[in-house]
Amino acid sequence: MFLEGIFGAPAGSFVSVEFIGLHELTKVGSRRVIQISAGFMIFFSIFGKFGAFFAAIPLPIFAAIYCILFGIVAIVGVSFM
């Protein structure tokens, strides 16, 4: 990814699983939306009360959300083919 930025590749080959899931759920592919969501993630990681709230989520609920996310990613991957 770093070398693609240096040499000016027209489209990056690096794709994040979270981005695919976010794109499929919201149907928004704008860079501004990703920048704003990254700002929210940084904000929530700095302040401990928000981090404590997300850390208090029980493991089975977290696992269920993760299974749904990977299901969406798998379906989107097949639809891209």
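In terms of the Cα gyration tensor, with a ≥ b ≥ c the square roots of its eigenvalues, is segment 30-69 rounded because a/c is under 1.5, prolate because a/b exceeds b/c, or oblate?
Values: a/c = 5.48, a/b = 1.29, b/c = 4.25.
Oblate shape, in that a/c is at least 1.5 and b/c is the bigger or equal ratio.
Mind ranking Ser45, Ser30 by accessible surface for me, highest first, 1.4 Å probe? Mind showing how you got there, number by number?
Numbers: Ser45 85, Ser30 50 Å².
Final ranking, largest accessible area leading: Ser45, Ser30.
Suppose accessible area is computed on protein heavy atoms with a 1.4 Å probe; arrange Lys49, Lys27 from highest to lowest.
Details: Lys49 175, Lys27 135 Å².
Final ranking, largest accessible area leading: Lys49, Lys27.
The values are calculated or read from the model by the stated rules, or taken from the named source; none is laboratory data. Note that this is a predicted model, so its numbers are computed, not measured. We work out accessible area using only protein heavy atoms, side chains counted, and drop any ligands, DNA or RNA first. Shrake-Rupley method; radii C 1.70, N 1.55, O 1.52, S 1.80 Å.
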